[in-house]
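Just below is one structure, and these are the notes that go with it.
The values are calculated or read from the model by the stated rules, or taken from the named source; none is laboratory data. Treat the numbers as computed from the prediction; the structure is a model and nothing was measured. Note that we place each Cβ from the backbone using ideal geometry, even for glycine, and neighbour counts take in every protein chain shown.
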Amino acid sequence: MPKAQIKLKPKLAVIKEEKIHHLLVPGEVGAILELTVKDKDGKVTDHRVMRSKSFVRQFLELLWIQTYQIPEVAPYSVRDTANALQDICESAYTFAANGGIGVVTHGIIVGEGTTAPTIDDYHIETLIDHDAAPPTAGDLQYGAVTFGAPASDATTSQFTITRNFANASGGAITVNEVALYVKAYLYNLSYYFMTIRDVIGGGIAVPDGQTLTVNYRLQAVI
Amino acid sequence: MLTAKLILERLDKEGRLLERKEQQSRSFTLGFLQLLYVAHAQIQSGAPYTINDITDTPRTVDNQGNIGARLGKSNLMIGAAPGHSGVFCGGKNEFDPSVMTIEGQKIGIQVGTGVVAVTPTDIALATRIAHGRSAGELEYGGCELIGIAFSDPDGEFTIRRYFTNASGGPITVEEVGIYSPGGDYDAPAIWAFLIARDLTGGVVVADTEILKVTYVPQITV
């Protein structure tokens, strides 16, 4: 059986104004979640666009740390994706989501869990792991996280975080949840935190040989 | 989803409440998304990202931390010292005050007299009120962050600043906003950027009175 390959090259791109989806209302800062499944020839077999529901508490806590400039000498504790409270201070790593190929510690993460999000969620419910040696049943190949540069139209500003997940597992996989993991830091140590978690109603099926592309478009609407 | 309440309270010189207005902040601008982008994408000094600062000058911004293992970076800072007090910003030359310091009044909550409608690409308050005691000026206190709290499904914290009118006459505050810094590791340099701007409908602050401006960012799952 041919192995699925992640062929899309990482790129930075300014999103054209006409491509900005308007699902948020004035005053909201949030995210649009866009899911696209393509077959091995690039044909779109499924495409959905929805409001992301769920900044979780770690997003506000990391924003607090960075806007307050919480110092190393008086750090603030945040629950990481391993369910441990970690002391964190302001740093150049706060919100880093630039996970590389196969990295499941930060960037967009996918899973199979179906439990509705709560503000206290700190990790994805049931992680779909990176398929480092395909075919591995139940795993997806994580591409590198890429970013679309900020752009705006008359009402909406946004930038985009993108990751491809190729299915070479030998069977269909249903993605039920999507999350954003980011890095933060305290002297010489990096930790990882979930800032967004969404559950996809009914899930989205990724057949063997196909690729799921997830876009989180962070937006602010006036 | 993140939203923010904006509260304006006018106090007399004894601190007694004279007027209170509360509204939904509508106006996180492109600058906020740009600084979040620089952080999430980990933009490095070799290929910085350009943002127009509060003087409408294009500035190169990155998310590279200071040398050594501390990795300090002041991008997105809102908490600030009062008036002319210097705020040191993390970066390559974090101990060089000639290039890595901003006056406290240029960071955090700002006030102005402009009435031009808000757009996502605003780069500054339309007509900022300067810090001081001369005609048309207000004294900027420190910009405080307090009270982070969570109760499922909500979370919030508070950003507030006091503005004292010692100008000798009334001043009408028509707009408020938030400035936040971004730095260039290689330059090295630090600049201020607009990340939020709202119109108030007008609050008249008489001589000797105090204006308290509060933003409350909130998330709800």
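Give the range A:83-99 a look and list any residue that's over 17 Å from the mean Cα position of the chain (by Cα) and either closer than 18 Å to B:Asn75 by Cα or surrounded by fewer than 19 Cβ atoms within 10 Å (Cβ to Cβ) (or both), or say none.
Selection gives A:Asn83, A:Ala84, A:Leu85, A:Asp87, A:Ile88, A:Cys89, A:Glu90, A:Ser91, A:Ala92.
Kindly check whether there is at least one residue in the range A:91-113 that is under 23 Å from B:Phe157 (Cα atoms) and more than 10 Å from chain B (Cβ to nearest Cβ).
no
Give all pairs with beta carbons closer than 8 Å in which a residue from the range A:24-42 that is on the phi < 0 side of the Ramachandran plot and part of a loop (DSSP other than H, G, I, E, B) meets a residue that is among the basic types (Lys, Arg) and modelled with pLDDT under 95; count only pairs at least 6 apart in sequence or on separate chains.
A:Pro26/B:Arg26
Return yes when A:Pro117 is in contact with a strand residue (DSSP E or B) (Cβ under 6 Å, 6 or more places away or on another chain), at pLDDT below 95 and within 14 Å of chain B (Cβ to nearest Cβ) and no when it is not.
Criteria not met by A:Pro117.
Inside the range B:41-160, counting only strands (runs of 3 or more DSSP E) that do not spill past its ends, which hold 3 or more residues that are more than 22 Å from B:Tyr215 (Cα to Cα)?
By residue number, B:49-52, B:58-61.
Please work out which one of (1) free of Cβ contacts under 8 Å to residues at least 60 places away in the same chain; (2) surrounded by 22 or more Cβ atoms within 10 Å (Cβ to Cβ) is the condition A:Leu140 fails and give its number.
A:Leu140 satisfies every listed condition except (1).
Just to be sure I understand, how many residues within the range A:40-72 are under 16 Å from A:Thr94 (Cβ atoms), more than 9 Å from chain B (Cβ to nearest Cβ) and of a type in the set (Ser, Thr, Tyr)?
Within the range A:40-72, residues that are under 16 Å from A:Thr94 (Cβ atoms), more than 9 Å from chain B (Cβ to nearest Cβ) and of a type in the set (Ser, Thr, Tyr) number 0.
The rows are residues; the columns are (1) under 16 Å from the mean Cα position of the chain (by Cα); (2) more than 10 Å from chain A (Cβ to nearest Cβ); (3) surrounded by fewer than 22 Cβ atoms within 10 Å (Cβ to Cβ); (4) not acidic (Asp, Glu).
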{"site": "B:Ser134", "(1), (2), (3), (4)": "no, yes, yes, yes"}
{"site": "B:Glu144", "(1), (2), (3), (4)": "yes, no, yes, no"}
{"site": "B:Gly155", "(1), (2), (3), (4)": "no, no, no, yes"}
{"site": "B:Pro170", "(1), (2), (3), (4)": "no, yes, yes, yes"}
